[in-house]
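**Student:** Structure incoming, see below.
The values are calculated or read from the model by the stated rules, or taken from the named source; none is laboratory data. Here the structure is a predicted model, which means the values were calculated and not measured. Please note: Cβ atoms are built from the backbone with ideal geometry, for glycine as well, and neighbour counts cover all protein chains shown.
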Amino acid sequence: METFDTGRHISGQFNQELDAVRNNVMNMGGLVEQQLKNALTAVSDNNEELARKVLSSDYKINLMEVTIDEECTRIIAKRQPAASDLRLVMAIIKTIADLERIADEAEKIAKVALEQFSAKQQDLLLNLDNLGRLVLTTLHDTLDAFTRMDFDAALKVHQSDNRIDREYEALMRQLMTYMMEDPRSIPSIMSVIWSARALERIGDRCQNICEYVIYFVKGKVIRHISEEDVPGIF
């Protein structure tokens, strides 16, 4: 396991500022993870109350993003960080933007729990469960890699995104087949499709965050490099 030591500064105050910002990101990540968990539970259990809780909590995540972004801006202006310190601050700024968007996708999923489905159509929502659990695990592992700034863990999660893509494509084929067999179901099935699409996007956001961890630890950008070629550049 390769991690990066961030406690290297002569200025103890600078260390405290960086630690405080990282802790705030971890708190934000924990809240985002809970939002996604609640959204998926609301859909699978048809829990309207839990869905509304997700919707009403979104403002907390938006506020955290703004607060952390402002703190990072202050650190850049005050400390003028260079090298790995600057990479860390930039990784944090990009990470909180993706976390906020993950929360937005969770909000979309929660809204599906507020819609009305027939008993047969309700069964289709259960088909989201496998994809949802996979994405939730991916988000948890991503946040863990960020917390420890663990290169190996980040690379492993980054390379596992194709599992989400395969699960998403299989679910989409199933939903398309259902709509062809029963065209009257199209409006309801579209809601399930948007939820599946939201989960697939969360997987992409997790992959982005892993790229920021890799950038911080290694100083290399892998955003436009194919999965097969990534291990060879380190």
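**Student:** Collect the residues in the range 82-99 that are surrounded by fewer than 18 Cβ atoms within 10 Å (Cβ to Cβ), over 18 Å from Thr67 (Cβ atoms) and not hydrophobic (A, V, I, L, M, F, W, C), keeping them in residue-number order.
**Tutor:** Ser84
**Student:** Another one. I'd like to check something: does the range 167-183 contain any residue that is under 20 Å from the mean Cα position of the chain (by Cα) and outside any helix (DSSP H, G or I)?
**Tutor:** No; the residues of the range 167-183 include none that is under 20 Å from the mean Cα position of the chain (by Cα) and outside any helix (DSSP H, G or I).
**Student:** Does Leu134 satisfy the criteria of being in contact with a Gly (Cβ under 9 Å, 6 or more places away or on another chain), surrounded by fewer than 22 Cβ atoms within 10 Å (Cβ to Cβ), modelled with pLDDT of 95 or more and in a helix (DSSP H, G or I)?
**Tutor:** On the way: in contact with a Gly (Cβ under 9 Å, 6 or more places away or on another chain): yes; surrounded by fewer than 22 Cβ atoms within 10 Å (Cβ to Cβ): yes; modelled with pLDDT of 95 or more: yes; in a helix (DSSP H, G or I): yes.
Considered against the rule, which asks whether it is in contact with a Gly (Cβ under 9 Å, 6 or more places away or on another chain), surrounded by fewer than 22 Cβ atoms within 10 Å (Cβ to Cβ), modelled with pLDDT of 95 or more and in a helix (DSSP H, G or I), Leu134 comes out as yes.
**Student:** What pairs come out if I take residues in the range 163-183 that are on the phi < 0 side of the Ramachandran plot and modelled with pLDDT of 90 or more and pair them with residues that are of a type in the set (Val, Ile, Thr) and surrounded by 12 or more Cβ atoms within 10 Å (Cβ to Cβ) whose C-beta lies under 8 Å away, six or more apart or interchain?
**Tutor:** Ile164/Val135; Ile164/Thr138; Met172/Ile193
**Student:** Filtering the range 7-45 down to residues that are surrounded by 15 or more Cβ atoms within 10 Å (Cβ to Cβ) and touching a Phe, Trp or Tyr at 6+ places or on another chain (Cβ under 9 Å), which residue is farthest from Asp69 (Cα to Cα)?
**Tutor:** Per the criteria, the residue is Gly29.
**Student:** Suppose we filter the range 142-157 for residues that are under 18 Å from Ile92 (Cα atoms), under 16 Å from the mean Cα position of the chain (by Cα) and either surrounded by fewer than 18 Cβ atoms within 10 Å (Cβ to Cβ) or without any contact (Cβ under 8 Å) to a residue 24 or more places away in the chain (or both); how many remain?
**Tutor:** Adding up the residues that qualify gives 2.
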